[in-house]
Amino acid sequence: MLTIGDNMKRRAYLGFFLLTGLAATTITHAAAYPEKIVRILVPSIAGSAPDIIARQVAERLTASWKQQVIVENKPGGNGIVAMNALRQSPPDGYTLGLFHAAAAVITPMMYKEAKFDIQRDTDVASTLAYTPMMFVAGPKSGYQSLADVLKAGKATPDTVAIGSPNRGSVPHLTAEMLGQLQNTTFRQVNFSGTTQALQAVVNGDVPVYVDGIAPLVPLVRAGRLKALAVTSDTALPGLQSIPLAKEAAPGLTVKGWFALFSPKGTPTAVLDEVNSAVSRTLEQAAFVGRLKDLGTYPMALGREASVRFVQDEKARWERVIKEAGVKPE
């Protein structure tokens, strides 16, 4: 006859074997990942910077994993379409999303239609790359430095215009941050895209403009725009002559960035493998060179550091948007 103690032992043994079996299954799954095609969703059109970076990453992950990695473009809604598709996918690592900073953490604060929260709905797999912002002045503006712009802005608040490519973009909020750090306000001029904005600043319709460095460097080198400052922590390779924004406005260091996300609940071992594979990719000279062609630089962080980085960026832009009084539309 079995005693109560015997029954308890049997339950303990059964529980042990069940847990052991589950652990073995999880380890086997992680070791085998990926066993089928991996999709990378991109919230922009083919040929855009996120798309180009995603395709470069996909090509190298395919080679590393010996398993096909494909890119699917899902533009629309400032990242809403792609993010909805990502968060509604199975959390198994076979659907990833490559999102830039605005689409990942700013869109939910700027658009009522965005119902997602990057921390609640996704897991951060890895950071990829970053691009600093650059302030430039048109040839008719008379500004020779960011200090000149700040002096004029403080003398007559809300009169000096600063253009940016889109409302709610990192460049737009960088201009807002400049005013906040310097306790003044600038007149924000948001264009519908980079092409229209660049034409306006070259023509003198707006005196100062801020954007990522990629579309600005050719015009600066051609003498059509004056580079005032870059928002990087240190001088950029090849652009060492351009002053750092933090020298004129302490605290003004800003990065536009790209990162890989997965639906919430993806196994930790799978996320770690994605992070490791991306880190190996970021060590490849050819890939780094391709990034620099796009005005971006590698940003290899471990997974936990990647998670903290995205959390910090979300909190930072929340503060800027709240202080600027920008309302979601």
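A few notes on this one:
- When segment 295-313 is limited to residues that are open to solvent by 30 Å² or more (accessible area, probe 1.4 Å) and either part of a loop (DSSP other than H, G, I, E, B) or among the charged types (D, E, K, R) (or both), the one that is nearest to residue 86 (Cα to Cα) turns out to be 303.
- Looking only at residues in segment 60-108 that are part of a strand (DSSP E or B) and touching a residue at least 40 places away in the same chain (Cβ under 8 Å), the one that is surrounded by the fewest Cβ atoms within 10 Å (Cβ to Cβ) is 95.
- Some residue of segment 246-262 being farther than 27 Å from residue 83 by Cβ, in contact (Cβ under 8 Å) with a residue 24 or more places away in the chain and touching a strand residue (DSSP E or B) at 6+ places or on another chain (Cβ under 7 Å): yes
- If the condition is being open to solvent by 40 Å² or more (accessible area, probe 1.4 Å) and not in a loop (DSSP other than H, G, I, E, B), then segment 109-132 contributes 119, 120, 130.
- Residues located in segment 279-294, provided they are part of a helix (DSSP H, G or I) and not acidic (Asp, Glu): 279, 280, 281, 285, 286, 287, 288, 289, 290, 291, 292
- Among the residues listed as 247, 323, the single one being surrounded by fewer than 18 Cβ atoms within 10 Å (Cβ to Cβ), in contact with a helix residue (DSSP H, G or I) (Cβ under 6 Å, 6 or more places away or on another chain) and under 27 Å from residue 154 (Cβ atoms): 323
- Scan of segment 250-272 for residues that are open to solvent by 20 Å² or more (accessible area, probe 1.4 Å), among the small types (Gly, Ala, Ser) and either in a loop (DSSP other than H, G, I, E, B) or within 30 Å of residue 139 (Cα to Cα) (or both), ordered by number: 251, 265
- Number of the condition not met by residue 275 [criteria: (1) surrounded by fewer than 21 Cβ atoms within 10 Å (Cβ to Cβ); (2) assigned to a helix (DSSP H, G or I); (3) of a type in the set (S, T, N, Q)]: (1)
- If the condition is being under 22 Å from residue 105 (Cβ atoms) and of a type in the set (S, T, N, Q), then segment 234-267 contributes 253, 262, 266.
The values are calculated or read from the model by the stated rules, or taken from the named source; none is laboratory data. Given the structure is predicted, the values throughout are model-derived calculations rather than measurements. Please note: Cβ atoms are built from the backbone with ideal geometry, for glycine as well, and neighbour counts cover all protein chains shown. For the accessible areas, the whole protein counts, side chains as well, though only heavy atoms, and no ligand, DNA or RNA atoms are used. Shrake-Rupley method; radii C 1.70, N 1.55, O 1.52, S 1.80 Å.
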